[in-house]
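Everything on this sheet refers to the single structure shown next.
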Amino acid sequence: MQRLETYWAKIAIFASRMEIRLDMGQIEPRSNYIFVSNHQSHLDIPLILSLFPEYFPRALAKESLFRIPIFGQGMKRTGHLPIDRENRRKGLEHIKQASQKAREGVSILIFPEGSRNIDMRGLQEFQIGSFIIAIRSGVPIVPIVLDGTSSILPKGSWRIKKGIVYVNVLEPIPIEGSYSIKEREQLKEDVLGMMEKNYSELHTWREKENS
């Protein structure tokens, strides 16, 4: 299943004809992480899966996706994790389950903006769930800042355009011994601030290079 999904992700990225400019940063090859990324396009998941096959990150996705025939069953079988954003009780249970998976060595991919961002001038406010998962599991956060997938496959469109995507993988943020559950908001603001700064620099560079 892992090889099949990785193959699908690489085929999807190849078919999109995107050119990837990647700054991988320094992450350990035999570790698990909470990958936290901004979100611009449906291409973001196959992009990240194709870039991190060794870590095989499982996406935390809204529960409604798991109810889509065939697609939802495939997500369940490959170990992706649901999150209910409407029912607080179920949402907390899903966060608990994701935290346990991370403690067991599973890498998790989360888009804390919650939905695709159509305002490319900056990032949306982050939701708190990913940071609770990181603190409860003690697993380091790896921020991923990307820019350009929205131009290739915009929200509300299925027409793919050729383009360049920039991906910056920032340094891992240690959690265990650094943040307590009471400091979850502080962790959220720290990660958001770091990613916003990097995104602003990356977006400015991308606009200049493409002008």
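The values are calculated or read from the model by the stated rules, or taken from the named source; none is laboratory data. No experiment lies behind these values; they were computed from the predicted model shown. Don't worry about glycine lacking a Cβ; one is built from the backbone with ideal geometry, like all the others, and counts go over all protein chains shown.
On the basis of being surrounded by fewer than 14 Cβ atoms within 10 Å (Cβ to Cβ) and either without any contact (Cβ under 8 Å) to a residue 24 or more places away in the chain or hydroxyl-bearing (Ser, Thr, Tyr) (or both), does Lys155 make the cut? Spelling it out, it is not the case that Lys155 is surrounded by fewer than 14 Cβ atoms within 10 Å (Cβ to Cβ) and either without any contact (Cβ under 8 Å) to a residue 24 or more places away in the chain or hydroxyl-bearing (Ser, Thr, Tyr) (or both).
Taken as a whole, the condition of being modelled with pLDDT of 90 or more and closer than 24 Å to Ser130 by Cβ does not apply to Pro29. Annotation: of all residues in the range 50-61 being touching a strand residue (DSSP E or B) at 6+ places or on another chain (Cβ under 8 Å) and in contact (Cβ under 8 Å) with a residue 40 or more places away in the chain, the one that is nearest to Asp84 (Cα to Cα) is Leu60. Considering the range 19-42, the residues that are surrounded by fewer than 21 Cβ atoms within 10 Å (Cβ to Cβ) and of a type in the set (A, V, I, L, M) include one that is farthest from Ser137 (Cα to Cα), namely Ile20.
Within the range 45-80, being surrounded by 17 or more Cβ atoms within 10 Å (Cβ to Cβ) and of a type outside the set (A, V, I, L, M, F, W, C) holds for Pro46, Ser50, Tyr55, Pro57, Arg58, Glu63, Gly72, His80. Please find, within the range 132-151, the residue that is surrounded by the most Cβ atoms within 10 Å (Cβ to Cβ) out of those that are out of contact with any strand residue (DSSP E or B) (no Cβ under 8 Å at 6 or more places or on another chain) and under 18 Å from Lys182 (Cβ atoms). Out of the qualifying residues, it is Ile135. When Gly74 is tested against (1) modelled with pLDDT of 80 or more; (2) closer than 23 Å to Ile13 by Cα, only condition (1) is not met. The C-beta contact set for the range 162-185 (first residue under 24 Å from Ser16 (Cβ atoms), second residue of a type in the set (Lys, Arg), distance under 8 angstrom, 6+ apart or interchain) comprises Lys162/Arg17; Ile164/Arg21; Ile164/Arg206; Val165/Arg21; Tyr166/Arg21; Tyr166/Arg206; Val167/Arg21. Of the helices (runs of 4 or more DSSP H) entirely within the range 123-211, those holding at least 1 residues that are of a type in the set (Ser, Thr, Tyr) and over 20 Å from Pro57 (Cα atoms) occupy 149-152, 184-210. Taking the criterion of being aromatic (Phe, Trp, Tyr), modelled with pLDDT of 90 or more and more than 20 Å from Lys161 (Cα to Cα), would at least one residue in the range 6-19 satisfy it? Checked against the condition, which is being aromatic (Phe, Trp, Tyr), modelled with pLDDT of 90 or more and more than 20 Å from Lys161 (Cα to Cα), the range 6-19 yields no hits at all. The set of residues from the range 62-88 being closer than 21 Å to Ala134 by Cβ, free of Cβ contacts under 8 Å to residues at least 24 places away in the same chain and part of a helix (DSSP H, G or I) comprises just one member, Arg88.
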